[in-house]
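Working notes for the structure below.
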Amino acid sequence: MRVVGTFAGARSLRAGITGLVPTMGYLHEGHLSLVGIARERSDTVMASLFVNPLQFDDPSDLDRYPRDFDRDAALLELAGCDVLFAPPAAEVYPAPPLARVVVSGLTDTMEGPRRPGHFDGVVTVVAKLLGGLQPDLAVFGRKDAQQLVVVARLAADLSMPVEVIGGPTIREADGLALSSRNVFLSGEERRAALGISRGLMAAADAAEAGERSGAALEGLVIEEMSRQALDIEYAELADAADTARLLVLDRPAFLAVAAGSGRTRLIDNVWLKPDGTADRGARLGRPSVLYGGGD
């Protein structure tokens, strides 16, 4: 695996179809599964590792974000990555950016109002990565459901010659969605956080049994999270095309959740089809590499 720190250097290493997996590091099996998808579809697999300051509305959250470059590089190489783009901040933002990208409408719900400026930072750095690295396809996790919809619309609206692909959510053995932030959870906080995935699975069961009411599906998640005394921010059934809240499950959608356990904010979702079929993600059969597990 080649490690480069400039856009030009990374572009020079492309050969054939190039697949990109953008990351902010402190990797886990969710990220590595996206590398696997890119490997199946590409001749050259490229990953980026950059903690993007523009998408953090709270500077303390940026400072707290976990980092371990050597660990991440080793995991990416084992997963089959060919090129690791790990730029310094000055390469991505040689000057404070006066040109920023905004995707309006899709960011008015869920994460958008609760994290002011977050999506503007996300789509700005994604636009820079797609433009500067020029991949043929880019793979993002479906766990960040609203982000995936926003990025796909960014590429479509700006006629970027890149295919945006969503990879399934990877869960720990007990159902907790993998997140780099999971390492911040105490034992008690982690047990409480399981109320998020249990609530989502209860809603998925109900959808598959015929429930189509958005309020009812949302209510099942909220009920389970309330039992764990989580700090509930939202549980919303959203249109998979435009993120608008749905009253009835009558089109492709995702049921998204944000809640806090202790000081750690977590998000999760299940994707739902109009017939009630649910994409629950995939579960690990062993401890995650987040905790030193894996091969």
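Note down all Cβ pairs under 9 Å where the first residue falls in segment 212-231 and is over 19 Å from Glu189 (Cβ atoms), the second is among the acidic types (Asp, Glu) and part of a helix (DSSP H, G or I), and they're at least six residues apart or on different chains.
Taking only residues 6 or more apart or on different chains, the pairs are Leu220/Asp205.
Being of a type in the set (Gly, Ala, Ser) and assigned to a loop (DSSP other than H, G, I, E, B) narrows it down to one residue among Ala90, Ala95; which is it?
Ala95
So, in segment 76-112, how many residues would count as being under 18 Å from the mean Cα position of the chain (by Cα) and farther than 25 Å from Val150 by Cα?
Looking only at that region, the number is 1.
Just a yes or no: is a residue in segment 25-34 in contact with a His (Cβ under 7 Å, 6 or more places away or on another chain), among the acidic types (Asp, Glu) and not in a strand (DSSP E or B)? Give the derivation first.
Here is the first cut: in segment 25-34, the ones in contact with a His (Cβ under 7 Å, 6 or more places away or on another chain) are none.
Among the residues of segment 25-34, not one is in contact with a His (Cβ under 7 Å, 6 or more places away or on another chain), among the acidic types (Asp, Glu) and not in a strand (DSSP E or B), which makes the answer no.
Given the conditions (1) modelled with pLDDT of 95 or more; (2) surrounded by fewer than 17 Cβ atoms within 10 Å (Cβ to Cβ); (3) not basic (Lys, Arg), report the number of the one that Asp61 does not fulfil.
The one condition Asp61 does not meet is (1).
Can you tell me which residues in segment 252-265 are over 15 Å from Glu224 (Cα atoms) and either of a type in the set (A, V, I, L, M, F, W, C) or in contact (Cβ under 8 Å) with a residue 60 or more places away in the chain (or both)?
Across segment 252-265, the qualifying residues are Ala253, Phe254, Gly262, Arg263, Thr264, Arg265.
Between residues in segment 169-191 that are closer than 21 Å to Arg67 by Cα and residues that are surrounded by 22 or more Cβ atoms within 10 Å (Cβ to Cβ) and of a type in the set (D, E, K, R), which pairs lie under 7 Å by C-beta distance while being six or more apart or on different chains?
Ile170/Glu29; Ala177/Lys143; Ala177/Arg171; Ala177/Asp268; Leu178/Glu29; Leu178/Arg171; Leu178/Glu172
Report yes if some residue within segment 17-40 is surrounded by fewer than 16 Cβ atoms within 10 Å (Cβ to Cβ), over 18 Å from Ser179 (Cα atoms) and in contact with a Ser or Thr (Cβ under 7 Å, 6 or more places away or on another chain); otherwise report no.
yes
Please tell me if Ala47 is under 23 Å from Ser159 (Cα atoms), at pLDDT below 95 and either aliphatic (A, V, I, L, M) or crowded, with 20+ Cβ neighbours inside 10 Å (or both).
Working: under 23 Å from Ser159 (Cα atoms): yes; at pLDDT below 95: no; either aliphatic (A, V, I, L, M) or crowded, with 20+ Cβ neighbours inside 10 Å (or both): yes.
The answer is no for Ala47.
Hey, Ala145 hits all of (1) at negative phi; (2) surrounded by fewer than 22 Cβ atoms within 10 Å (Cβ to Cβ); (3) touching a residue at least 60 places away in the same chain (Cβ under 8 Å) but one; which does it fall short on?
With (1) at negative phi; (2) surrounded by fewer than 22 Cβ atoms within 10 Å (Cβ to Cβ); (3) touching a residue at least 60 places away in the same chain (Cβ under 8 Å) applied to Ala145, the lone miss is (2).
Restricting to segment 257-294, count the residues that are among the hydroxyl-bearing types (Ser, Thr, Tyr) and in a loop (DSSP other than H, G, I, E, B).
Number satisfying all stated conditions: 2.
Do the conditions hold for Leu237, that is, is it closer than 16 Å to Leu106 by Cβ, assigned to a strand (DSSP E or B) and free of Cβ contacts under 8 Å to residues at least 60 places away in the same chain?
Yes; evaluated as a whole, the condition is true for this residue.
For Val125, indicate whether it is within 15 Å of the chain's Cα centre (by Cα) and in contact (Cβ under 8 Å) with a residue 12 or more places away in the chain.
yes
The values are calculated or read from the model by the stated rules, or taken from the named source; none is laboratory data. As the structure is a computational prediction, the values presented were derived from the model and not from experiment. Quick reminder, even Gly has a Cβ in these numbers, built from the backbone with ideal geometry, and neighbours come from all protein chains shown.
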